[in-house]
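Note sheet for the following structure.
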Amino acid sequence: MKEIKVPELAESITEGTISEWLVKKGDQVEKGDPILELETDKVNVEVNADASGVIAELLREAGDDVEVGDVIAKVDENGEAGGSDEDTSSNEEESEPEEEKEKEASNKEEKQQPASEEKKETSKKDSKDVIATPAARKRARELGIDLSEISARDPLGRIRPEDVDAAAKGENKQESKGSSNSSSEDKPKKQEKKKEETKKTEFDKPVERVKMSRRRQTIAKRLVEAQQESAMLTTFNEVDMTNVMKLRSERKESFLKKHDIKLGFMSFFTKAAVGALKEFPLLNAEIQGNEIIKKQFYDIGMAVSTDEGLVVPVVRDADRLDFAGIEKGIADLATKARNKELGLEDLQGGSFTITNGGIFGSMLSTPILNAPQVGILGLHNIEKRAKVMPDDTIEARPMMYIALSYDHRIVDGKDAVQFLRRIKEMIEDPFDLLLEG
């Protein structure tokens, strides 16, 4: 019997959630066949069978949280597809009588102690529903502490190792030292407390409770962390899009014919961002401890909205790409995102991010940093507004508000304002961008 374990996926991924089993008990599989889809905080990945045979047992269900190294299924390398459980059990009786005796003995023990076993099973299920780091789960197992009884200090409710240690030293120790009488007295109090907590979350009118996906939990956690761990500030400007729109109108047919891709707005802003980053390198940096890491590369993240949440795939070496290369890179990543085909390599290592809320009609917003990056450029809807021209005449011009959120710990307001001003200048005079590109 061969065990199938959750494989090492990437250095930063240690756990996931079983999204869907692609096989069932009794199915024949070949080595390398995909058997389940695992949802991680970055992408969905397929886990493959590392042995040929018949699926003898599925140890976890869809929706279960698993960690790297967990045994999730067993493959019988000598089994036949569709084999019944009776055949398997009879073979085991003939070949391993001692093991069967042990099973019978354990069954007797289970019958003698049904209440305690049922309690353990309930406790396991409760613990699975708790959001906790792998280190916290391991620590809780070592100390024999039920995760469902621990209060998390994390704003997102995620239990960490220090929470487990605090529970072991404080509340749990005091309960174990008390007499059996005091324990029995505490039970009604705990039950009342749970009832009160339940009442707080109940509603008089119909509601639907939906478990957050692992990706949504991670998005929520990182957005909160970005605001808590950085001195985030946003500055704004507006851009006259007249010249870009005129240039696109004049060149769109020849551009499409030559490169087999449409000329969009994102390539203009990507080129402008790279040019501004070269002039203001602190916006292309990150903080590690007490050091500033200035990146000498320009991997630009493009925020993409999917049904499962926001992802930020990366256009690599954007400074080396022309307009067509950037447009093709963005189109490829967007297609991958929609088809759930993004790999970990598509999402890691960006140095700066651009997000375009304008495609949904956003007029103005303050984008949140994509940590550990220290800058993110927000684009918005294009609308005609009255603009006073240099000769004091008033014209209706297509205008866009742009926003730059930055980490004030290393980026000063002066640099942030000038960075955004530089992007405005390049977009309003796009011919220089084309020549340089």
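The values are calculated or read from the model by the stated rules, or taken from the named source; none is laboratory data. What you see is a predicted model, and the numbers here were worked out from it, not measured in a lab. Please note: Cβ atoms are built from the backbone with ideal geometry, for glycine as well, and neighbour counts cover all protein chains shown.
Consider region 1-53 and keep the residues that are surrounded by 15 or more Cβ atoms within 10 Å (Cβ to Cβ) and hydroxyl-bearing (S, T, Y). The one that is modelled with the highest pLDDT is T17.
One residue is enough: does region 386-399 have a residue meeting the conditions at positive phi and either modelled with pLDDT under 95 or over 24 Å from the mean Cα position of the chain (by Cα) (or both)?
Yes: one or more hits.
Checking each residue in region 305-338 for being farther than 17 Å from F360 by Cβ, among the small types (G, A, S) and touching a residue at least 40 places away in the same chain (Cβ under 8 Å) picks out A318, A324, A331.
A count restricted to region 229-265 and to residues that are touching a residue at least 12 places away in the same chain (Cβ under 8 Å), of a type outside the set (V, I, T) and in a helix (DSSP H, G or I) stands at 10. A count restricted to region 272-304 and to residues that are without any contact (Cβ under 8 Å) to a residue 60 or more places away in the chain, crowded, with 18+ Cβ neighbours inside 10 Å and in a strand (DSSP E or B) stands at 3. Screening region 60-79 for residues that are touching a Lys or Arg at 6+ places or on another chain (Cβ under 7 Å) and aliphatic (A, V, I, L, M) and picking the one that is farthest from L38 (Cα to Cα) gives V75. Within the set M389, M426, the sole residue that is in the same structural domain as T270 (by TED's automatic domain parsing), more than 30 Å from D307 (Cα to Cα) and touching a Leu at 6+ places or on another chain (Cβ under 6 Å) turns out to be M426. Check whether at least one residue in region 347-359 is free of Cβ contacts under 8 Å to residues at least 60 places away in the same chain, farther than 20 Å from L404 by Cα and hydroxyl-bearing (S, T, Y), and report yes or no. Scanning region 347-359, I find no residue that is free of Cβ contacts under 8 Å to residues at least 60 places away in the same chain, farther than 20 Å from L404 by Cα and hydroxyl-bearing (S, T, Y), so the answer is no.
When region 148-178 is limited to residues that are at pLDDT below 60 and assigned to a helix (DSSP H, G or I), the one that is farthest from R216 (Cα to Cα) turns out to be K177. Taking region 360-404 as the range and being of a type in the set (A, V, I, L, M, F, W, C), over 30 Å from I287 (Cα atoms) and surrounded by 12 or more Cβ atoms within 10 Å (Cβ to Cβ) as the test, the residues that pass are I382, M399, M400.
Condition (residue is within 13 Å of the chain's Cα centre (by Cα) and crowded, with 16+ Cβ neighbours inside 10 Å) applied to region 314-326: is it met by at least one residue? Checked region 314-326: no residue is within 13 Å of the chain's Cα centre (by Cα) and crowded, with 16+ Cβ neighbours inside 10 Å.
Considering M212, M245, M241, M232, the condition of being of a type in the set (A, V, I, L, M, F, W, C) and loosely packed, with under 14 Cβ neighbours inside 10 Å is satisfied by M212 alone.
Using the structure shown, decide if R421 is farther than 26 Å from R320 by Cβ and not hydrophobic (A, V, I, L, M, F, W, C).
No.
Scanning region 207-226 for residues that are touching a residue at least 12 places away in the same chain (Cβ under 8 Å) and either closer than 15 Å to S19 by Cα or in a loop (DSSP other than H, G, I, E, B) (or both) yields a count of 6.
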